[in-house]
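Below: the structure, in structure tokens.
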Amino acid sequence: MKRLGMGLIGPGFVAAHHLDCVRRLGDVDIVAIAGSSDASAERKAKEYKVDRAYGDYKALIADPDIHVIHNTTPNYLHLPVVMAALAAGKHVISDKPLAMTPAEARTMRDAAIAAKVAHVVTFNYRGNPMVQQARQMTAEAGGISFVRGFYLQDWMTDPNVYSWRSDPAKGGATSALGDIGSHWCDLAEHVSGLRIKSVLADLTTVIPTRYSAGASAEAFAKGTSANRTAVTVTSEDLATVLLRFEDGTRGTFSVGQVLPGHKNDVELEVNTAKLSIKWRQEEQNHLWLGHHDQANAILMKDPGLVSGEALRYTHLPGGHQEAWADAFTNLIRDAYTWVRAGAAPEAKPTPLPTFEDGYRSTCLVDAMLRSNAAGNTWQTVDHTPAH
């Protein structure tokens, strides 16, 4: 089997996990990484044990040994990096959110489809076997009445944490919704099989002043004692959103990054006429099943108990826990399966999120921003599917 070459642009927090997933595949070579300068790229290349380092992403994209580009740059660089990779005919795996605005994301989606290459967005919770089991059980149960949940973190609780995600020029107009709310909405639509049609959002900034040491922190980095400058933050760090789905089903979710004790607390519950199905990321090897006329139950991840895509994503026997990194690897493995299949639309593994999903996510977040700006009014999601 021909070995594929990958290059990664933007060696921040999530980059190490992309590299780890690719190494686990066994048939893909990590060729190079690109950073913001020669010095930073060489330092990261040494840290990640990668042979080649580029201080310019365009040089990495031009490397003939690289077939797949992993884009893990800050949001404001997604458009130029992705468009350059697509122009070079390279397959692209991009971190979320795909773009700063729906217009940018739509441009990227259309360019990816025209280029006839694989185009993937890392909504990695789809790669969890129990998420796929929940999706299958929801489809079989039918009659959804309510979809609820949350995505809660605490890494920005300290005002001394200042990230590029809080800078509108680098992260966009949104912070918590774009960063983690996008994950929850993709998870809700994927598991329920329903599209969110309209939203009513209430956004707030719990910590309006943060203190920057002059360099943007990577996600989950701890603050330092260096001299700091006060920075006014306008993007939200807490939000609650009411949802209306395309068939009239109601829903709600909350998102926040300043909530002590919640490290990476993702929860999704789908209520149907027959049962309720709940998945929680911090207990991700279990599904809670709620019943009206019998005892509630916990379904454990076990290859003898799950089926369909869940079985394909389950690699260890029951009682052997599979985790965040394993789910991420499932998604990356599907991405390279699609690459090897020539990126034909019909060859895409069903759970794999594409630039279409990334574009839709930006449309959802945009509707939430419009809702809050208009005084917490219902706003329709303005999304144009690909032709």
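Using the structure shown, decide if T362 is in contact with a helix residue (DSSP H, G or I) (Cβ under 6 Å, 6 or more places away or on another chain) and of a type in the set (S, T, N, Q). Answer is yes for this residue. Against the numbered list (1) assigned to a loop (DSSP other than H, G, I, E, B); (2) under 12 Å from the mean Cα position of the chain (by Cα), Y125 comes up short only at (1).
When region 87-99 is limited to residues that are among the aliphatic types (A, V, I, L, M) and surrounded by 23 or more Cβ atoms within 10 Å (Cβ to Cβ), the one that is nearest to D65 (Cα to Cα) turns out to be V92. Is it true that some residue in region 285-308 is open to solvent by 20 Å² or more (accessible area, probe 1.4 Å) and in a helix (DSSP H, G or I)? Checked against the condition, which is being open to solvent by 20 Å² or more (accessible area, probe 1.4 Å) and in a helix (DSSP H, G or I), region 285-308 yields no hits at all.
State whether the residues of region 200-217 include one that is at pLDDT below 75, open to solvent by 40 Å² or more (accessible area, probe 1.4 Å), assigned to a loop (DSSP other than H, G, I, E, B) and farther than 23 Å from P353 by Cβ. For region 200-217, residues at pLDDT below 75, open to solvent by 40 Å² or more (accessible area, probe 1.4 Å), assigned to a loop (DSSP other than H, G, I, E, B) and farther than 23 Å from P353 by Cβ: present.
Within the set R106, R148, the sole residue that is touching a residue at least 24 places away in the same chain (Cβ under 8 Å), in a helix (DSSP H, G or I) and surrounded by fewer than 24 Cβ atoms within 10 Å (Cβ to Cβ) turns out to be R106. Residue-level analysis places T337 among those that are open to solvent by 10 Å² or more (accessible area, probe 1.4 Å), farther than 30 Å from T240 by Cβ, β-branched (V, I, T) and out of contact with any helix residue (DSSP H, G or I) (no Cβ under 7 Å at 6 or more places or on another chain).
Just to be sure, is S361 in contact with an Asp or Glu (Cβ under 8 Å, 6 or more places away or on another chain), crowded, with 21+ Cβ neighbours inside 10 Å, in a helix (DSSP H, G or I) and not hydrophobic (A, V, I, L, M, F, W, C)? So that I can check it myself, show each step before the final result.
Values: in contact with an Asp or Glu (Cβ under 8 Å, 6 or more places away or on another chain): yes; crowded, with 21+ Cβ neighbours inside 10 Å: yes; in a helix (DSSP H, G or I): yes; not hydrophobic (A, V, I, L, M, F, W, C): yes.
It is true that S361 is in contact with an Asp or Glu (Cβ under 8 Å, 6 or more places away or on another chain), crowded, with 21+ Cβ neighbours inside 10 Å, in a helix (DSSP H, G or I) and not hydrophobic (A, V, I, L, M, F, W, C).
Within region 242-301, the set of residues being of a type in the set (A, V, I, L, M, F, W, C) and more than 24 Å from S371 (Cβ to Cβ) comprises A273, L275, I277, W279, L287, W288, L289, A295, A297, I298, L299, M300. On the given criteria, is L242 open to solvent by 50 Å² or more (accessible area, probe 1.4 Å), aliphatic (A, V, I, L, M), within 30 Å of S163 (Cβ to Cβ) and over 20 Å from the mean Cα position of the chain (by Cα)? The answer is yes for L242. Do we have any residue at all in region 344-351 that's charged (D, E, K, R) and either assigned to a loop (DSSP other than H, G, I, E, B) or loosely packed, with under 13 Cβ neighbours inside 10 Å (or both)? Scanning region 344-351, I find at least one residue that is charged (D, E, K, R) and either assigned to a loop (DSSP other than H, G, I, E, B) or loosely packed, with under 13 Cβ neighbours inside 10 Å (or both), so the answer is yes.
Only residues that are surrounded by 14 or more Cβ atoms within 10 Å (Cβ to Cβ) and part of a loop (DSSP other than H, G, I, E, B) were counted across region 25-71, and they come to 8.
A search for C-beta distances below 7 Å between a residue of region 244-270 that is in contact (Cβ under 8 Å) with a residue 40 or more places away in the chain and farther than 18 Å from L187 by Cβ and any residue that is in a loop (DSSP other than H, G, I, E, B) and charged (D, E, K, R), counting only pairs 6+ apart in sequence or on different chains, returns V258/D154; V258/D237; L259/D154; P260/D154; G261/D154.
The values are calculated or read from the model by the stated rules, or taken from the named source; none is laboratory data. The model shown is predicted, which means the values in this text are computed figures rather than measured ones. Note: ideal-geometry Cβ built from the backbone for every residue, glycine included; neighbour counts use all protein chains shown. Heavy atoms of the whole protein, side chains included, go into the accessibility calculation; ligands, DNA and RNA do not. Shrake-Rupley method; radii C 1.70, N 1.55, O 1.52, S 1.80 Å.
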